[in-house]
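Accompanying notes for the structure given below.
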Amino acid sequence: MTKLKAQPTASHFINGEFVEDKNGAVIECIYPATGEIIAQLHSATPSIIEKAVSAAVAGQKIWARMSGTERGRVLRRAADMIRDRNQALSALETLDTGKPMQETLVADATSGADALEYFGGLAATINGEHIDLGGDFVYTRREPLGVCVGIGAWNYPTQIACWKGAPALACGNAMIFKPSETTPLCALEVAKILHEAGLPAGVYNVVQGYGDVGAALTTHDDVDKVSLTGSVPTGKKVMAAAAAGIRHVTMELGGKSPIIVFEDADIDDAIGGALLGNFYSSGQVCSNGTRVFVHSSRMAEFLEKLTARTQAITIGDPANEATQMGPVVSAAQRDKVMDYVAIGKAEGARLVTGGNTLRIEGMENGFFVEPTVFADVTDTMRIAKEEIFGPVMSVLSFDEEDDVVARANDTEFGLSAGIFTKDLTRAHRVIAELKAGSCWINTYNLAPVEAPFGGYKRSGVGRENSRAALEYYSQIKSVYVASGPVDCPY
Ligand code: NAD
């Protein structure tokens, strides 16, 4: 990082250009590693929201008239441009979120580019079907929904902007994306690149704002769909507001996912999965496996090796590519994590390692928290039930398969689950029993664009990525075509 300033040209990107309205409430963008203000933006005013919606309505008409091949070409060009600019985009993602460059260089802009490339490739294949009725026939058209609103969380600002934008645009919709107020910078770059790649003005817009801006977009008459990535409480509000206008929704919400380590597991792999599923992005990943169930016969070995590997994690300056873990995203998030550490101790969980904030030399005002492991955790403890969204792993013990499956499923969430075992039949039997949308066998947290991603139960509605996402950004028109006279009895 050469200089700690990341002021964008303006707060919003509407109708193909940067737009400002300083009457909107101030949004301060803080670099989590130092606590410095690196940019100041403004939340959207009602006139900015209207401008974005009318631009999207007009842009969508032009975009939907283009062929899938033409639309796909724009998305794939944008994917290439993102890859070409990966270094700069990763540096911006690091400033926006505090995640280390070691991660952002491989997991953020690149993942966004994958989505644009994948859905760019699919755009020309989004077709209806022909249904023969022996003379008469029906054909279907797979048509766009219209104007889609995307509302983002703060943990993956570039990725979320692309994961929502790519399938929406491939299907011929326009998008208005509202980033999280905590990480407002990266989506503006995505919008800029899409337009440089040839996207017609108005097809992908970014408006900044707090929850009230998200709410205003969700209830706007000209909006046809809302896709939220956020917490369950926000999901309930957004879904209820969308329901008032019978709008389509996709909900990518939180989790408290289980990882089950059976007695025959490769213990080093299982620890690798648990570390990835708890400490990547400082634990701020929705699909994290924060309840790690370990067979009692392997517990001592698991905890010993886990502790050694946890204590060896390099924490510090996110700009240094040797750094493996940066700060959490904000002071509020740090305080929330530390509250849960105190709750875990008070509930009687055994703190195995971590549990403190960290003072990094030269970054004394950063929001650093040690990767933390609690053992002897029981199912009823709050640290085993509530989403912490920080680097806090709960390790629980089990003996029987049936029992651990029931305990793993005993949660309001259902985003993800992972198991580690060498027993092929058990692997598939247990995965089939787990009530979660995104599951892994002998690995954890890989989310390639080719695979559907999304949650069961309170963790979500709909799916992102893969062909499945197209279902959630399009609608089917059925057209009956007569081949003879109208058979009318009157
Ligand atoms: P959040 O729910 O606080 O906010 C998410 C977004 O919703 C923000 O942009 C916010 O401004 C907006 N918002 C708030 N109130 C609103 C309202 N009434 N109407 C419309 N929009 C509103 O979530 P967060 O703290 O930014 O992110 C963390 C949460 O996101 C965690 O629960 C995490 O699990 C979840 N998450 C889920 C996924 C997934 O794909 N399932 C991915 C990343 C994060």
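For this structure, a couple of remarks:
- When residue 394 is tested against (1) of a type in the set (S, T, N, Q); (2) closer than 21 Å to residue 256 by Cα; (3) surrounded by fewer than 18 Cβ atoms within 10 Å (Cβ to Cβ); (4) touching a residue at least 60 places away in the same chain (Cβ under 8 Å), exactly one condition is not met: (3).
- Close pairs (8 angstrom Cβ cut-off, 6 or more residues apart or separate chains): under 18 Å from residue 194 (Cβ atoms) and of a type in the set (S, T, N, Q) in region 44-65, open to solvent by less than 90 Å² (accessible area, probe 1.4 Å) and not in a helix (DSSP H, G or I) anywhere: 60/144; 60/146; 60/147; 60/172; 60/173; 60/174; 60/202; 60/203
- Region 366-387 residues that are farther than 28 Å from residue 37 by Cα and free of Cβ contacts under 8 Å to residues at least 40 places away in the same chain, paired with ones that are within 16 Å of the ligand (Cβ to nearest atom) and open to solvent by 60 Å² or more (accessible area, probe 1.4 Å) (beta carbon under 9 Å, 6 or more apart): 379/385
- Residue check for residue 464: under 30 Å from residue 140 (Cα atoms) and crowded, with 16+ Cβ neighbours inside 10 Å: yes
- Single condition residue 172 does not satisfy, out of (1) without any contact (Cβ under 8 Å) to a residue 60 or more places away in the chain; (2) on the phi > 0 side of the Ramachandran plot: (1)
- Subset of region 21-42 (residues that are open to solvent by 70 Å² or more (accessible area, probe 1.4 Å) and of a type in the set (Asp, Glu)): 28, 36
- Selection within region 10-20 - in contact (Cβ under 8 Å) with a residue 40 or more places away in the chain and surrounded by fewer than 21 Cβ atoms within 10 Å (Cβ to Cβ): 15, 16, 17, 18
- Residue in region 351-363 that is closer than 22 Å to residue 229 by Cβ, of a type outside the set (S, T, N, Q) and at pLDDT 95 or above present: no
- Candidates are the residues of region 455-485 that are part of a helix (DSSP H, G or I) and free of Cβ contacts under 8 Å to residues at least 60 places away in the same chain; the one that is nearest to the ligand (Cβ to nearest atom) is 457.
- Filtering region 218-230 to residues that are in contact with a strand residue (DSSP E or B) (Cβ under 6 Å, 6 or more places away or on another chain) and within 7 Å of the ligand (Cβ to nearest atom) leaves 218, 228, 229.
- Any hit, region 277-299, residues being of a type in the set (Lys, Arg), out of contact with any Leu (no Cβ under 8 Å at 6 or more places or on another chain) and open to solvent by less than 10 Å² (accessible area, probe 1.4 Å): no
- Residue in region 165-183 that is under 15 Å from residue 7 (Cα atoms), open to solvent by less than 10 Å² (accessible area, probe 1.4 Å) and either of a type in the set (Gly, Ala, Ser) or in contact with a Pro (Cβ under 9 Å, 6 or more places away or on another chain) (or both) present: yes
- Of the criteria (1) without any contact (Cβ under 8 Å) to a residue 60 or more places away in the chain; (2) small (Gly, Ala, Ser); (3) buried (at least 22 other Cβ atoms within 10 Å of the Cβ), which one residue 418 fails: (1)
- Qualifying residue in region 433-443 (condition: assigned to a helix (DSSP H, G or I) and away from the ligand (no atom under 14 Å from the Cβ)): yes
- Test: residue 355 is of a type outside the set (Phe, Trp, Tyr) and part of a loop (DSSP other than H, G, I, E, B): yes
- Leading residue by the ranking (nearest to residue 272 (Cα to Cα)) among those in region 407-424 that are hydrophobic (A, V, I, L, M, F, W, C) and touching a helix residue (DSSP H, G or I) at 6+ places or on another chain (Cβ under 9 Å): 420
- Residues of region 231-246 satisfying the condition of being within 12 Å of the ligand (Cβ to nearest atom) and either open to solvent by 20 Å² or more (accessible area, probe 1.4 Å) or among the basic types (Lys, Arg) (or both): 231, 233, 234, 236, 237, 239, 240, 241
- Residues (within 16 Å of the chain's Cα centre (by Cα) and within 7 Å of the ligand (Cβ to nearest atom)) located in region 177-217: 178, 179, 180, 181, 182
- Of all residues in region 106-157, those being within 13 Å of the ligand (Cβ to nearest atom), out of contact with any Phe, Trp or Tyr (no Cβ under 9 Å at 6 or more places or on another chain) and open to solvent by 10 Å² or more (accessible area, probe 1.4 Å) number 2.
Every residue, every condition in (1) closer than 30 Å to residue 137 by Cα; (2) crowded, with 20+ Cβ neighbours inside 10 Å; (3) among the basic types (Lys, Arg), yes or no:
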site	(1), (2), (3)
386	no, no, no
401	no, no, no
413	no, yes, no
430	no, yes, no
472	yes, yes, no
482	yes, no, no
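- Qualifying residue in region 255-268 (condition: near the ligand (Cβ under 10 Å from one of its atoms) and open to solvent by 10 Å² or more (accessible area, probe 1.4 Å)): no
The values are calculated or read from the model by the stated rules, or taken from the named source; none is laboratory data. Every value quoted in this text rests on a predicted model; they were computed, and no experiment measured them. Because the Cβ atoms are built from the backbone with ideal geometry, glycine has one as well, and the counts that use them run over all protein chains shown. Remember, those area values only see protein heavy atoms, side chains included, never the ligands or the DNA or RNA. Shrake-Rupley method; radii C 1.70, N 1.55, O 1.52, S 1.80 Å.
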